[in-house]
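Some notes on the structure that comes next.
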Amino acid sequence: MKNTPQTSYDTELSILINKYATPLAILLTALGIVLSQPTGAVRIISLSLLVFGIVLNTVTLYAIKRSTETKAWFMELRMCLNLGVNTILVYFLGAYWPPIWLLLALTPVATAVYSTRAQTLRVSGGVSFLLLVIHAARRLNSPAEWGQQIACVIFILLLSLMINELAHATKLSKTKWNSSPSP
């Protein structure tokens with residue numbers, strides 16, 4: 001695959017997403033660990049996953065910046081690893097630090113920036129399902145607790161779709177603007 005304007009654009013988007021999503025993930029997790037003071041296995045798992053996430057995103061960002069092309073499989077692997085780490089963190093740390101669920105919103109939001117509407121809907125739907133499964137696994141069953149989770153799911157779905165439309169409208173607008181003849 002040659003370095004085309006699209007692959008260069010995808011690389012720029014990946015770098016931009018990493019610029020904001022990684023610090024947010026680190027901040028949410030670090031605050032969760034420091035402020036909620038989980039003990040035992042939860043603390044060890046949370047700290048280990050925090051360090052793993054930092055290393056993963058630093059190394060992959062370096063690889064993305066050095067690469068002359070964006071490989072779809074590499075980006076997919078990175079997304080899956082981050083989603084796996086975030087899911088485990090939400091499961092274990094969520095009982096101590098409720099805002100940690102926001103980690104699961106990062107994957108659909110990132111997907112929304114550079115993917116199709118259908119892919120954005122699949123990813124946001126899958127992540128929403130994961131959030132509900134985590135909630136059920138923690139045996140939180142009051143109507144208020146389920147209502148909060150449903151609100152989180154709706155947030156993930158609608159925010160992802162809005163960002164997807166904005167990203168594509170911006171890209172289309174930029175393409176039209178750049179291709180218009182200059183006076």
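The values are calculated or read from the model by the stated rules, or taken from the named source; none is laboratory data. Predicted, not measured: the structure shown is a model, and the values here were computed from it. Positions of Cβ are backbone-derived with ideal geometry, glycine not excepted, and every protein chain shown enters the neighbour counts. All accessible areas refer to the heavy atoms of the entire protein, side chains included, with ligands and DNA or RNA removed. Shrake-Rupley method; radii C 1.70, N 1.55, O 1.52, S 1.80 Å.
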Sites A167 and Q37, calculated FRET efficiency, Cβ-Cβ separation with R0 41 Å, nearest 0.05: 0.60
Could you check the spin-label model distance between I150 and I26? Points 7 Å from the Cα along Cα→Cβ, value in nm. 3.8
Suppose every K and R has +1 on its Cβ and every D and E has -1 on its Cβ; what is the size of the dipole of the chain about the Cα centre, in Debye to the nearest 20? 240
Could you tell me which of V59, F92, Y9 has its Cα farthest along the dipole of the chain towards the positive end, charges placed at Cβ (Lys, Arg +1; Asp, Glu -1), taken about the Cα centre? Y9
Can you give me the % of accessible surface on the chain that is carbon or sulfur? Probe 1.4 Å, all protein chains present, nothing else counted. 71
Show which aspartates and glutamates lie in cross-link reach of K71 when reach means a straight Cα distance below 14 angstrom and same-chain residues fewer than eight apart are skipped. D10, E12
At 222 nm, what value in deg cm²/dmol follows for the chain if DSSP H runs of at least 4 each add -39500 (n - 2.57) and the sum is divided by all its residues, to the nearest 500? -29500 deg cm²/dmol
Report F129's accessible area, 1.4 Å probe, all protein chains in place, as a number in Å² to the nearest 10. 140
Just to make sure I understand: if all protein chains stay in place, what is the order of R139, R78, R43, R117 by accessible area at 1.4 Å, largest first? R139, R117, R43, R78
If R0 = 22 Å, then I54 and E76, at their Cβ-Cβ distance, give a FRET efficiency to the nearest 0.05 of 0.60
In degrees from 0 to 90, rounded to the nearest 10, what is the angle of the helix 5-36 Cα long axis to the longest principal axis of the chain? 20
For the chain, what is the accessible area per residue in Å² when the probe is 1.4 Å? 58
Would you mind pulling out the separation of the Cα centroids of region 113-137 and region 151-170, in Å? 11
Suppose accessible area is computed on protein heavy atoms with a 1.4 Å probe; arrange W97, W146, W73 from highest to lowest. W73, W146, W97
